[in-house]
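Reviewing the structure listed below.
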């Protein structure tokens, strides 16, 4: 039975599903659930979701909680997290005007190039800290204005963070947090305000963007209408929370400077926390405003992490929902390097270490001796080589003493050990690794309610978890394989640009 003490609800609106968990005031997870929803691919490079699917997932998850005898009165506050860098327009009644253009959607390449010409790359970098590309919210917003002016002219608000749509549905108030706003190409990285001059230069209205609100600030309370739909008590405080990168950072306890973090979800990232700002120096590296005022999150986003693993399992085994642990023992029988098989994991293009929406996945080294397990392990190794490249873009690898790994992929012992061996660093998987952003979101509510003083109070709540040490023999083997892997993309780059493979077979 569920204990009857009060606590806080964390909601994380992810790419493949929404995770929800109820925690007591000491951060102990009392109950959790995960609700999935589809992603739509109407054309090549177009990647969309329905915001109504996000909302229905929240309602289903709460219904599960009530059926398992959680009392709505136990929830004293709500904190939220979710995927960032999306683009969704809401009308004056708060109704969605279209499906969400996800962060991985690549249709707005021409608009990104247009913004560069009008504003200039140097000015963009000075103001936003990041370059604008096809994934940036303002590029997608400009695409909508150019291709669907009827949506643009009916719009009252642009939503870039998935959690911000749920906040509106719960409270009828619009808000976003500084971490999420950092990904839009519209917020000044130093002032944490919308940059009206640039938006005007590219023909976009700054009035569409919602108030930027600190993560631990209350946005509103659950409305009577939302209470009837969800079962949560009307008047329950709702806190702004953080975009998933910031929430994952908090939820994994990576709250001090120069701490390193790796998130393994459908997509993923590597991140390093710094207390001083400097513009990113590497291609594909981004800087985001951190949860605390004078904190910056240097992050290298990866589009193909769990996505690549789920894909190869679906192709070879035919069950995309196959659990990690079911093939752990089998993968352990395959030697490092997968018998000379390499995999470039760019199934939907990539953003780091190379920004290239035209890149594709490639197996290199297939022979008549290659097995299905070789291909599965090579896929994980290819993703992990990319993780190492991403870390090298953010910080000198020799300075990394520990990598905190979270997300669903962290449940794989084989993968966690592989990260330790390939990166040559200690790897720690916290006890709440699979619910990192969800716990981070809930902790924002705990701080907002003054139950906890600040984000540093999260450290005592996190048990040590599992640790993985690099094996010297494996590290040396992977070092030589990594050097070869690093040559593959530069060699194939001109072919990615030159060859557009048709998606449909021709009629005979």
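Which condition number does residue 38 fail, the rest of (1) more than 20 Å from the chain's Cα centre (by Cα); (2) modelled with pLDDT of 95 or more being met?
(1)
Report yes if some residue within the range 37-47 is closer than 21 Å to residue 141 by Cβ, part of a strand (DSSP E or B) and in contact with a helix residue (DSSP H, G or I) (Cβ under 7 Å, 6 or more places away or on another chain); otherwise report no.
No, the range 37-47 has no match at all.
If you check 234, 308, which single one turns out to be modelled with pLDDT of 90 or more and surrounded by fewer than 24 Cβ atoms within 10 Å (Cβ to Cβ)? Working first, answer last.
Details: 308 fails: surrounded by fewer than 24 Cβ atoms within 10 Å (Cβ to Cβ).
After applying the criteria, what remains is 234.
Which of the following residues is surrounded by 17 or more Cβ atoms within 10 Å (Cβ to Cβ), over 25 Å from residue 162 (Cα atoms) and outside the structural domain of residue 36 (by TED's automatic domain parsing): 403, 451? I'd like the intermediate steps shown before the answer.
Values: 451 fails: outside the structural domain of residue 36 (by TED's automatic domain parsing).
After ruling out the rest, the residue left standing is 403.
Inspect the range 448-465 for any residue being farther than 30 Å from residue 30 by Cβ and assigned to a helix (DSSP H, G or I) and give the result as yes or no. Walk me through how you get there before you give the answer.
Quick first cut of the range 448-465, residues farther than 30 Å from residue 30 by Cβ only: none.
The answer is no, given that none of the residues of the range 448-465 is farther than 30 Å from residue 30 by Cβ and assigned to a helix (DSSP H, G or I).
Is it true that some residue in the range 353-364 is assigned by TED's automatic domain parsing to the domain that holds residue 492, under 30 Å from residue 495 (Cα atoms), assigned to a helix (DSSP H, G or I) and at pLDDT below 95? It would help to see each step written out before you state the result.
Our first condition is that a residue be assigned by TED's automatic domain parsing to the domain that holds residue 492; within the range 353-364, this holds for 353-364.
Applying the additional criterion that residues be under 30 Å from residue 495 (Cα atoms) yields 353-364.
Filter once more, so that each one left must be assigned to a helix (DSSP H, G or I): none.
No, that holds for no residue.
Among the listed residues 390, 378, 420, which satisfies the condition of being within 24 Å of residue 133 (Cα to Cα) and touching a strand residue (DSSP E or B) at 6+ places or on another chain (Cβ under 8 Å)? I'd like the intermediate steps shown before the answer.
On the way: 378 fails: within 24 Å of residue 133 (Cα to Cα); 420 fails: within 24 Å of residue 133 (Cα to Cα).
The unique qualifying residue is 390.
Check off (1) in a helix (DSSP H, G or I); (2) not assigned by TED's automatic domain parsing to the domain that holds residue 245 for residue 103 and give me the number that stays unchecked.
Condition not satisfied by residue 103: (1).
Within the range 107-139, work out how many residues are out of contact with any strand residue (DSSP E or B) (no Cβ under 6 Å at 6 or more places or on another chain), under 26 Å from residue 266 (Cα atoms) and not in a helix (DSSP H, G or I). Before you say what the answer is, go through the steps one by one.
Residues of the range 107-139 out of contact with any strand residue (DSSP E or B) (no Cβ under 6 Å at 6 or more places or on another chain): 107-128, 131-136, 138-139.
The next check asks that each one be under 26 Å from residue 266 (Cα atoms); those that pass are 107-109, 112, 131-136, 138-139.
Next cut, not in a helix (DSSP H, G or I) only: 107-108, 131-136.
Counting residues in the range 107-139 that are out of contact with any strand residue (DSSP E or B) (no Cβ under 6 Å at 6 or more places or on another chain), under 26 Å from residue 266 (Cα atoms) and not in a helix (DSSP H, G or I) gives 8.
Mind telling me which of the residues 318, 284 ends up being within 21 Å of the chain's Cα centre (by Cα) and either modelled with pLDDT of 90 or more or assigned to a loop (DSSP other than H, G, I, E, B) (or both)? Walk me through it before giving the result.
Numbers: 318 fails: within 21 Å of the chain's Cα centre (by Cα).
After applying the criteria, what remains is 284.
Counting just the residues of the range 105-125 that are touching a residue at least 60 places away in the same chain (Cβ under 8 Å) and more than 20 Å from residue 357 (Cα to Cα), which one comes out farthest from the chain's Cα centre (by Cα)?
Step one: filter the range 105-125 for residues touching a residue at least 60 places away in the same chain (Cβ under 8 Å), giving 105-107, 109, 114-115, 118-119, 123-125.
Still in the list and also more than 20 Å from residue 357 (Cα to Cα): 118-119, 123-125.
Numbers: 118: 29, 119: 28, 123: 27, 124: 23, 125: 22 Å.
Going through the qualifying residues, I end up with 118.
Does residue 83 fit the bill of being farther than 25 Å from residue 179 by Cα and either buried (at least 17 other Cβ atoms within 10 Å of the Cβ) or under 21 Å from the mean Cα position of the chain (by Cα) (or both)? Let's see the steps before the verdict.
Working: farther than 25 Å from residue 179 by Cα: no; either buried (at least 17 other Cβ atoms within 10 Å of the Cβ) or under 21 Å from the mean Cα position of the chain (by Cα) (or both): yes.
Taking the combined requirement at face value, the residue does not satisfy it.
The values are calculated or read from the model by the stated rules, or taken from the named source; none is laboratory data. Given the structure is predicted, the values throughout are model-derived calculations rather than measurements. Because the Cβ atoms are built from the backbone with ideal geometry, glycine has one as well, and the counts that use them run over all protein chains shown.
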